[in-house]
Amino acid sequence: MASAQKMTTPTIGVKKIKTNDLVPNPHNPRILFDREPMDILKASIKRVGILVPLTVYFDKKKKRYVILDGQRRWTCASAIGLDEVPVNQVDEPSLVQNIVTMFQIHKLREDWELMPTALKVELLMSELNDRNDARLAELTGLDEAVITRCKKLLSYSREFQDRMLDPDPEMRMKADFFIELYPVIHDREVRAFDWFKEKHVINKMIEKYFDESKTIKSVTDFRLVKQHITHAKRANQLTKLSSRLERFVNEISVPISHLEIQSATVHAEAKALVKKISAVEDLLAELDIEKFYGEEDLWQSMMRLVKLMNAKLKAADKRR
Amino acid sequence: MQKPLGREAPINNARYNRWLAAFSGYVSEVTRSKVELWLEQFGEPERPIAARVLDSVLFIGHQQIKTKYRELLLGLSGWNQDAIKRKGRWFFVPFSSSVGESGDSMVHVFRMATGMTTRHYNNLFVHRSDLVRLRPGPEDTVVLIDDFSGTGRQASTAWDDTFAELLAEGPQVYLMVVAATEVAVNAVQNNTEMQLICGTILDHRHDFFSDKCKFFANSEKTKIEHYCKLASPRNPRGSDASGLLVVLAHRCPNNSLPILHTNSQNWSALFPRQFD
């Protein structure tokens with residue numbers, strides 16, 4: 001595994017290069033600059049020039065200088081018509097060095113499409129023969145969570161990855177759709193259903209998402225689907241869930257509520273209530289009577305609780 | 001844009017037959033009753049102008065699309081059907097997805113047109129998401145396949161957003177389309193490292209509202225624009241105000257006039273872009 005230190009590229013020297021002879025680094029062209037800071041930088045360059053040289057390398061194959069660091073300065077210099085810019089020329093980096101450098105220089109922005117980044121991460125994993133999230137995160141400067149999200153996207157077939165790379169923004173699927181769908185289609189029990197075919201389910205979910213009936217309103221709706229699956233599992237209602245999920249998948253107008261198995265939901269709610277009551281039990285067991293002896297509100301509240309509990313137990317015919 | 005019949009030409013059987021023959025093969029069948037209903041949406045005085053608009057539609061049929069793809073491929077330097085004689089590696093990639101289709105419908109047409117349908121050629125046809133892994137370099141060629149480019153804006157944005165990064169190692173990149181406007185060819189040339197190659201180039205004369213379009217008088221253009229506004233108040237001259245009268249057999253580009261392709265509360269299209 002290559003370390004981040006080994007990625008450093010040696011300096012050949014500082015010199016001036018014609019602004020027009022430089023090209024941005026294609027390994028990360030998705031650099032969106034805020035207009036205001038760019039205006040400030042432009043004004044500064046007009047006043048004092050470029051004080052910190054750009055870092056560039058010479059691409060031997062294409063015979064041109066490529067910017068490794070300093071694209072903002074270069075964009076401003078081009079905009080204000082500077083003929084030359086100072087550069088620090090370094091050795092041409094290897095593919096891995098180049099990608100890692102780009103990751104480290106340019107922080108991932110929330111509004112960037114994640115799929116191109118995921119493909120770069122895939123290339124890194126392949127080149128370095130390393131899939132460890134923590135090490136990839138350290139190397140690239142991306143959060144571990146982002147690496148995990150990238151891996152989820154890479155788990156989809158090329159056909160679906162392509163949907164996230166569509167040139168038409170209206171046709172382009174958001175990475176979040178596939179990330180939220182991931183836990184549903186990777187649920188062990190769901191995958192074991194005899195009707196389950198991953199590609200078919202994904203295609204049907206895409207159809208439902210875009211359909212006017214809006215049975216899937218937002219990508220976070222998949223969390224609800226997953227919740228219904230979990231509840232059914234806990235209540236041992238998987239057979240019932242299987243047929244309901246199959247219908248939900250195949251019929252465009254069937255809403256998510258169709259997945260709700262009443263008994264499963266009740267069971268899940270009961271489990272949650274038991275957990276809360278246990279917490280109250282623990283609190284009461286540890287209650288220091290002498291310490292709270294004068295706290296009348298506390299005792300009144302406990303009496304109300306006893307009364308309410310007795311009423312509920314009586315109504316349920318559970319009183320002994 | 002085709003040269004329309006004269007202003008006095010009657011809307012008779014012969015003219016209907018001419019339209020039906022010209023538009024045969026559109027994905028949503030064009031019938032005589034559909035043409036009649038379409039014409040009836042215009043006021044009586046405007047119908048002769050609307051008829052001349054239909055005369056002017058440049059319809060590119062399935063066979064023409066295939067021929068254009070075949071010719072475009074043969075014109076590419078370094079290409080040879082025989083892998084040994086080919087220069088570098090070649091990859092054919094769908095540029096965009098198609099509505100309600102698997103995303104590679106134009107690539108399928110391209111394969112049919114060029115006779116590369118057997119498994120033997122499968123490794124030439126790859127997904128967009130394969131490109132990073134395959135790392136095409138300066139000796140290699142990537143051909144992105146699409147049907148139409150109206151302004152080149154989408155292609156330019158797509159290059160910046162995605163393709164420049166997917167094709168970072170500098171292969172020769174072509175964007176191959178059946179038809180494109182001159183504006184699109186220039187935009188792609190100036191803003192990207194792709195070269196747009198197309199079967200039919202549409203210059204300013206193909207813009208219905210351009211002064212260079214001499215088949216219609218300004219007063220006629222104004223009358224037609226009124227109906228275009230009914231069909232699409234937001235884009236009365238078509239997407240990016242392209243003002244085209246072009247229809248491809250599998251879909252009408254949205255750069256064409258909305259009276260041709262937009263279905264709305266106030267308008268029924270003759271060449272709808274979405275169909276049941």
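For the reader, a short list of remarks on this structure follows.
- Of all lysines in the structure, the ones whose alpha carbon falls short of 25 Å from that of A:LYS314, not counting any fewer than 8 places away in one chain, are A:LYS271, A:LYS275, A:LYS276.
- Calculated [222 nm] ellipticity per residue, helices only, for the protein assembly as shown: -13500 deg cm²/dmol; basis is -39500 (n - 2.57) per DSSP H run with n ≥ 4, divided by all residues, nearest 500.
- Legend: mean number of C-beta atoms from other chains within 10 angstrom of residue C-beta atoms, peptide B:120-130, equals 4.
- Angle of helix B:105-114 to the longest C-alpha principal axis of chain B, folded into 0 to 90 degrees and rounded to 10: 70°.
- Listed values for segment B:9-18 are Karplus-derived 3J(HN,Hα) couplings in whole Hz (6.51 cos²θ - 1.76 cosθ + 1.60, θ = phi - 60°), namely 4, x, 8, 10, 4, 4, 5, 4, 4, 4, and x replaces Gly and Pro.
- Computed Kirkwood radius, in angstrom, where 1/r is averaged over Cα pairs of segment A:204-320: 17.8 Å
- Anisotropy class of segment A:207-246 from Cα gyration tensor, a/c 1.5 cut: oblate
- Using Cβ point charges alone (K and R +1, D and E -1), the dipole size of segment B:100-211 about the Cα centre works out to roughly 400 debye.
- Test item: Cα-centred dipole of segment B:3-84, Lys/Arg +1 and Asp/Glu -1 on Cβ, debye: 160 debye
- Rounded tilt (10° steps) of B:182-191 against the dominant C-alpha axis of chain B: 30 degrees
- Here the spin labels are modelled as points 7 Å beyond Cα on the Cα-Cβ line, and at B:ASN190 and A:ASN203 they lie 4.2 nm apart.
- Calculated from backbone phi, Karplus (6.51, -1.76, 1.60) coupling profile of segment A:182-190 in Hz, x at Gly/Pro: 3, x, 6, 7, 9, 5, 4, 5, 4
- Panel order for A:GLU127, A:GLU92, by other beta carbons found within 10 Å of each beta carbon, from fewest to most: A:GLU127, A:GLU92.
- Global form of segment B:142-239, assessed from the alpha-carbon gyration tensor, a/c cut-off 1.5: prolate
- Calculated on C-alpha atoms, the gyration radius of segment A:130-237 divided by its Kirkwood radius gives an Rg/Rh of 1.01.
- Applying a DSSP loop filter and a limit of 14 other Cβ atoms within 10 Å to the GluC sites (Glu not before Pro) in segment B:34-126 leaves B:GLU101.
- Net length available on complete extension from B:ALA9 to B:THR222 is 74.6 nm, with 0.36 nm assigned per residue and the Cα-Cα distance removed.
- Near B:PRO10: Cβ cut-off under 13 Å, other residues only, Lys/Arg at +1 and Asp/Glu at -1. The net charge is +3.
- Using the empirical formula 2.2 N^0.38 Å as the baseline, the Cα radius of gyration of chain B reaches a ratio of 1.08.
- Annotation: peptides B:136-149, A:222-235, ranked by per-residue average of other Cβ atoms within 10 Å with the highest first, follow the order B:136-149, A:222-235.
- Modelled this way, with points 7 Å down the Cα-to-C-beta line, the labels at A:PHE58 and B:ASP82 are 4.0 nm from one another.
- Distances between placed amide hydrogens fall under 5 Å for B:THR200 paired with B:ALA179, B:ALA180, all partners being 5 or more residues away or on another chain.
- Shape category assigned to the protein assembly as shown from the gyration tensor of Cα positions, a/c cut at 1.5: oblate
- Annotation: extensible slack from A:GLU84 through A:PHE210 equals 40.3 nm (criterion: 0.36 nm per residue apart, minus Cα-Cα distance).
- Computed magnitude of the charge dipole of the protein assembly as shown (debye, nearest 20; Cβ of K, R +1, Cβ of D, E -1): 740 debye
- Summing charges over all other residues whose Cβ lies under 14 Å from the Cβ of B:LEU76, with Lys and Arg as +1 and Asp and Glu as -1, gives +4.
- Cα centroid separation, segment A:57-84 to segment A:246-262 (Å): 55 Å
- Within a straight-line Cα-Cα reach of under 28 Å, B:LYS66 can be paired with the following lysines, leaving aside sequence neighbours fewer than 8 residues apart in one chain: B:LYS3, B:LYS34, B:LYS85, B:LYS87.
- Neighbour counting of Cβ atoms within 10 Å sorts the residues B:THR181, B:THR114, B:THR222, A:THR101, fewest neighbours leading, into B:THR222, B:THR114, A:THR101, B:THR181.
- Rounded Å value of the spacing that divides the Cα centres of segment B:32-47 and segment A:137-216: 46 Å
- Chain A: angle of helix A:71-80 to the longest principal axis, Cα-based, in degrees nearest 10: 50 degrees
- Only one residue of A:ALA145, A:VAL190, A:MET171 has its Cα farthest out toward the positive end of the dipole of segment A:142-195, where Lys and Arg carry +1 and Asp and Glu -1 on Cβ, and that residue is A:ALA145.
- Here the residues B:SER210, A:SER253, B:SER219, ranked from fewest to most Cβ neighbours within 10 Å of their Cβ, fall in the order B:SER219, A:SER253, B:SER210.
- Difference of contour (0.36 nm per residue) and Cα-Cα distance, A:LYS271 to A:ILE289: 3.5 nm
- A:MET309 versus B:ARG18: modelled label distance in nm, points set 7 Å from Cα along the beta carbon direction: 9.3 nm
- Amide H contacts of B:GLN195 (H built 1.01 Å from N, under 5 Å, at least 5 apart or other chain): B:VAL173, B:TYR174, B:LEU175
- Shielding by other protein chains, B:157-167, mean Cβ within 10 Å: 6
- Net charge in the neighbourhood of A:GLU159 (other residues with Cβ under 9 Å of its Cβ; Lys, Arg +1, Asp, Glu -1) is +1.
- Reachable lysines, given that their alpha-carbon falls under 29 Å from the alpha-carbon of A:LYS197 and they are not under 8 places away in the same chain: A:LYS120, A:LYS151, A:LYS152, A:LYS174, A:LYS208, A:LYS214, A:LYS217, A:LYS226, A:LYS233, A:LYS240
- Close amide H partners of B:PHE59, meaning residues 5 or more places away or on another chain with modelled amide H under 5 Å apart, are B:VAL247.
Each reported figure results from applying straightforward, stated rules to the coordinates on display, with no laboratory input. Not measured: the values here are computed from a predicted model. Cβ sites come from the backbone with ideal geometry, for glycine too, and all protein chains shown count toward neighbours.
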